[in-house]
1. Cβ under 12 Å from PHE256's Cβ, PHE256 left aside: what net charge do those residues give with Lys, Arg +1 and Asp, Glu -1?
2. Which residue fluctuates most in the GNM of the chain (Cα springs below 10 Å): GLU78, GLU47, GLU261?
3. Between LEU97, LEU214, LEU325, which gets the highest mean-square fluctuation from a Gaussian network model of the chain, Cα cutoff 10 Å?
4. Taking just the alpha-carbon atoms of the chain, what radius of gyration and Dmax come out, in angstrom?
5. Would you compute, from DSSP H runs of 4+ residues alone, the mean residue ellipticity of the chain at 222 nm, taking -39500 (n - 2.57) per run and dividing by the full residue count, rounded to the nearest 500?
6. Cα centroids of the range 15-40 and the range 155-202: how far apart, whole angstrom?
7. Which of rounded, prolate, oblate describes the range 75-178, given a ≥ b ≥ c as roots of the alpha-carbon gyration tensor eigenvalues and a/c under 1.5 marking rounded, otherwise prolate only if a/b is larger than b/c?
8. Specify whether the C-alpha gyration tensor of the range 210-287 places it in the rounded, prolate or oblate class, a ≥ b ≥ c being the square roots of the eigenvalues: rounded for a/c under 1.5, otherwise prolate if a/b is larger than b/c and oblate if not.
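The numbers here are math on the coordinates, done by the rules we state, and not lab data. As the structure is a computational prediction, the values presented were derived from the model and not from experiment. When we count neighbours, we look across all protein chains shown, and the Cβ atoms used for this are built from the backbone with ideal geometry, even at glycine.
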Amino acid sequence: MNTYIDALINKGITPGISLLAGRRDYVCLDRCYGYRALVPKKEPLTENTIYDVASLTKPLVTAFLIHYLVQCRLLRMETRVTDIFPHLKNLGEITILHLLTHTSGLPGWYPLYLFADEYLELYARIPLHGRPGKQVNYSCPGYILLYYIIQEVSRTPYTELAQDIIFQPLALQDTFFTVPPELIPRIAPTEKGNADEKQSALLWASKTAKGKYLSLVESFPWRAELIRGETNDLYSHHLGGTAGNAGLFSSCADIFRLCREFYPDSAFILKPPSITAYWKNFTPFKRSHRSAGFKLNSSLLSSGGRTFSRQAIGHNGFTGTCVWLDVDQTVVVILTNRIHPQVREINFSRIQKKINKQVRIMLQETSK
């Protein structure tokens with residue numbers, strides 16, 4: 001495995017990789033390879049590096065808070081969006097479960113940040129790409145809507161609720177939405193600017209009627225500086241740190257601790273019905289199997305690989321992050337900043353799958 005990871009770093013596929021794997025509460029593997037930063041100068045990767053974990057925010061915080069509110073009987077999985085926001089009549093069939101499982105019919109991407117400083121009212125104009133419950137379409141706007149639902153139902157800002165319900169009770173030391181200035185040197189930087197997001201917005205605008213939004217894209221204040229200590233995700237950056245789809249910063253050790261919440265005998269906050277929902281396949285479609293927060297390993301396009309048992313759940317993040325949990329209580333955390341200093345068009349999920357396989361083999365050998 002060391003040779004494979006060294007080759008990835010030497011080819012410029014990623015600056016470095018942090019790995020942590022263990023079974024139950026015991027950490028069996030904790031290693032880091034390569035560099036934390038390449039520009040403006042090279043910085044060796046250290047074990048205490050904190051990463052922008054991107055979409056790992058979805059299962060680890062947003063879905064977690066939804067399950068907590070269900071436990072508190074403030075929500076039900078069958079609750080409709082219109083039960084909370086009656087004015088969003090166009091979303092009348094969409095339920096909490098649809099949003100959690102990416103079956104709401106909302107698009108995978110929509111440049112909300114171009115139109116407003118707050119996104120909620122924009123949902124009245126977002127076109128659905130399918131009928132709710134009929135297919136999986138991985139959707140950041142869907143989880144952003146959950147962000148607003150969490151705040152409305154709890155009457156508490158999302159970041160405060162996460163701190164009070166998750167981060168503080170679990171004693172997470174390096175997990176934040178707002179990184180303290182003194183910890184920025186430990187942050188793995190991401191892109192230099194948002195060139196990749198701008199390209200997506202330009203492509204989208206060029207396909208709209210007569211390109212009427214092209215000028216809006218061109219005049220938007222795109223970031224050009226190296227992003228470090230603030231979220232790479234533009235939805236979340238535009239809202240001041242997180243929009244519920246991304247924005248979380250964390251370390252391997254903290255994510256490993258957080259993942260222990262998804263097993264009944266080690267959960268401190270979540271109760272058995274919530275944990276079951278994290279493992280249950282709610283989308284028995286051909287290609288993509290989703291629980292109420294995670295992707296299942298039975299999905300055809302799983303970065304977990306077939307080295308895990310048939311019961312495993314996981315999630316990827318755009319920055320190169322990945323976590324997989326096996327029913328046998330094996331947890332593998334892979335954190336990288338593979339988009340530093342720029343996004344590369346590469347199938348990083350295939351790389352994660354290979355690393356997962358090699359880590360799993362090592363764990364099996366050490367357990368003999």
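1. Working: positive: ARG23, ARG24, ARG257, ARG260; negative: ASP25, ASP30, ASP174, ASP254, GLU261.
Computed value for this residue: -1.
2. GLU78
3. Greatest mean-square fluctuation among the candidates belongs to LEU214.
4. That works out to 19.7, 65 Å for Rg and Dmax.
5. Numbers: 12 runs with 106 residues, N = 368.
-8000 deg cm²/dmol, from helical runs alone.
6. Spelled out, the Cα-based centre of one part sits 19 Å from the other.
7. Numbers: a/c = 1.79, a/b = 1.63, b/c = 1.10.
Taking the square roots of the gyration eigenvalues as a ≥ b ≥ c, the range 75-178 is prolate.
8. Working: a/c = 3.68, a/b = 1.79, b/c = 2.06.
Oblate.
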